[in-house]
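Please read the structure below before turning to the comments.
Values quoted throughout were computed directly from the atomic coordinates according to the rules given, and no laboratory measurement underlies them. These numbers come from a predicted model, not from an experiment. Here the Cβ is made from the backbone with ideal geometry for all residues, glycine too, and neighbour counts use every protein chain on show.
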Amino acid sequence: MNKRIMDWPTFFGALALLLLVTVPLILFPEAGKELVGQANDFMTDKFGFLYMAMGLAVFAFLVFVAFSKNGHVKLGEEGEKAEFNTFSWAAMLFAAGIGSSILYWGVIEWVYYYQGPPFGIAPESKEAIQWSTAYGIFHWGPIAWAIYTLPALPISYFFYVRRKPVLKVSEAVRPVLGKWVDGPVGNIIDVLFMFGLMGGAGTTLALGTPMIAQGVNYLTGIPVTLGMQAVIMLVATAIFAVSSYSGLRNGIKVLSDINIWLVIFILAFILAVGPTRFILETTFNAVGVLLDNFFKMATWMEPFGNLGQFEETGFPEAWTVFYWAWWLVYAPFVGLFVARISRGRTIREMIFGTIVYGSLGSILFFGIMGNFGLYLQLTGQFDAISFLEANGAPATIIEIIAQLPFAPFMVFVFTVLAIIFLATTFDSSSYILASVVQKEIEGEPERWNRLFWAFALCLMPLVLLFLGGLGTLQTASIVGGFPLIFIMFLLAWSFMKASSADIRSEDDYESPTIHIKRWKKEGKRRAASQVFKDDQKNQKDQK
Ligand code: NM2
């Protein structure tokens, strides 16, 4: 192992911050919970607006970039083909960015909206049903995916166009922060991102594990205990540790491909044997409701609610703000990962690819799984609402799936899929965490380093599972992710600054920047780096 390539301050900084938060939670779970809960209320209440504004701004910014000249930049050499075909690319993107939570919320989210709708609508009314089918795909839709994509812009730009072999968030803000990045400021940015990701991943595990446990319970009759959940976590860890250890092509891609085939199977099955027409019509309708109300949903902050005159539901804080915060803590990671797999694509392809494929995937999950459950409820075949009140969400989710024909087999497939979805999010997370604590990446981050983060990602939630406090960690991470709002801004700024400067510097033959203007004048879709090479060659020939 080459010791010099490790970035130890970031490595130990992240570890220290993690222990600093986890150890007190283990020692004083109650007080910790109280404090973190207050911090969360304070943040979503006081700064909810910032989150909502950030979401909309990021979306608008990406649409702008996609149509600007900066969006034409190709991530790689002229004529270079995309490193991964579009199917694998979309599969990896979706598998990495989305974990088992989509199986959880996709099946059950509508119940919560149905019972606690926004806009002052009467709970369990016909109107509430309509919104309950649209809100899920909003919270997992274009704005959410835009939040995921933004960090990928500067990161991929520096990695493939300026050819800096560093996969780090701090590196991506260098054009704005300059030399500061090399000191503690850079370390702090990376550590904050790592902390947010580990907490976000803790949230994912906290949702996924009980659901998988219920599936196993349904199939085997083994009671759901802490020990059993711990075994599930360890099995999932073993899978993603192997995948991460095997690397991008042999591990992560293979697992993502399996993942996507299982997804296609289970969704197609539910669509075919379930109430096909109901699902299609309701989903189609929901997309219309979403498009029609996109900006209303994106900006609804329950105005006048906190003055005491009108009843306050807390819907925006509990849902939209929480969701944006959750997508945000994952965003730099997905950005790093999307950057890594997007070689040979243009910035514009990357933007539209993530937003369109990502949102489409979410629509399929929420449309098919959610509306299947809704149908059972409305026809009285299965009362998900009462079952949820009595048995909690994880058991209800499995019970809804068990209403399908070949119930044991379908619950089995669903449970396996949940484990793989968990693993595909965690293998890429550990891959990226490992990349961030290295100064340079030659091909792939070090193997031991990848394994280390695979276990770090699982062990901490495991300890908290036993001692209580996993929920607290979730909340803490979302609170801890707050500075990322500003880092998003820096990332956008950096990308614009660097790419615009490169586009302008067409005469600067010494600099390894790109010559987009000339390349555009030539009207060819040649990679700018090739234009640069040709220019150098011409110069030499003239001499
Ligand atoms: N997001 C997409 O648990 C997961 O599915 C990972 C969760 C941010 C809500 C991502």
Worksheet item: Where in region 112-148 is the amide nitrogen less than 16 Å from a point lying 7 Å along the Cα-to-Cβ axis of Asn285?
Response: 114, 124-137
Discussion item. If I model a spin label at Thr276 and Asp41 as a point 7 Å from the Cα along the Cα→Cβ vector, what separation in nanometres do I get?
Written reply: 5.1
Worksheet item: For Arg447, Arg174, what's the fewest-to-most ordering of other Cβ within 10 Å of each Cβ?
Response: Arg447, Arg174
Worksheet entry | For Gln438, residues with placed amide H under 5 Å, excluding near neighbours | Asp7
Worksheet item: Using 0.36 nm per residue, how much length does the chain from Leu459 to Ala501 gain when fully extended, once their Cα-Cα distance is taken away?
Response: 10.7 nm
Fill in: Karplus 3J(HN,Hα) series, Hz, for region 405-412 with 6.51 cos²θ - 1.76 cosθ + 1.60 (x for Gly, Pro)
x, 6, 3, x, 5, 5, 5, 4
Worksheet item: In a Debye calculation with equal point scatterers on the alpha-carbon sites of region 378-447 and no solvent, what is log10 I(q)/I(0) at q = 0.13, 0.18, 0.19, 0.26 Å⁻¹?
Response: -0.58, -0.76, -0.81, -1.10
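Between Phe486 and Asn85, how high is the FRET efficiency from 1/(1 + (r/R0)^6) when r is the Cβ-Cβ distance and R₀ = 56 Å? Nearest 0.05.
0.95
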Fill in: Candidates per trypsin sites (Lys or Arg not before Pro) in region 133-169, loop by DSSP, up to 13 other Cβ within 10 Å
Arg163
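Pull out a ≥ b ≥ c, the square roots of the eigenvalues of the alpha-carbon gyration tensor of region 134-293, then state rounded if a/c is under 1.5, prolate if not and a/b is larger than b/c, and oblate in the remaining case.
Oblate, because a/c is 1.5 or more while a/b does not exceed b/c.
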Item to complete: Can you tell me the equivalent ellipsoid semi-axes for the chain? Use √(5λ) from the Cα gyration tensor, largest first, whole Å.
Response: 39, 26, 24
Response to the item:
Surpassing 18 Å at the alpha-carbon level, of the pairs Lys179/Lys439; Lys74/Lys179; Lys69/Lys497, are Lys74/Lys179
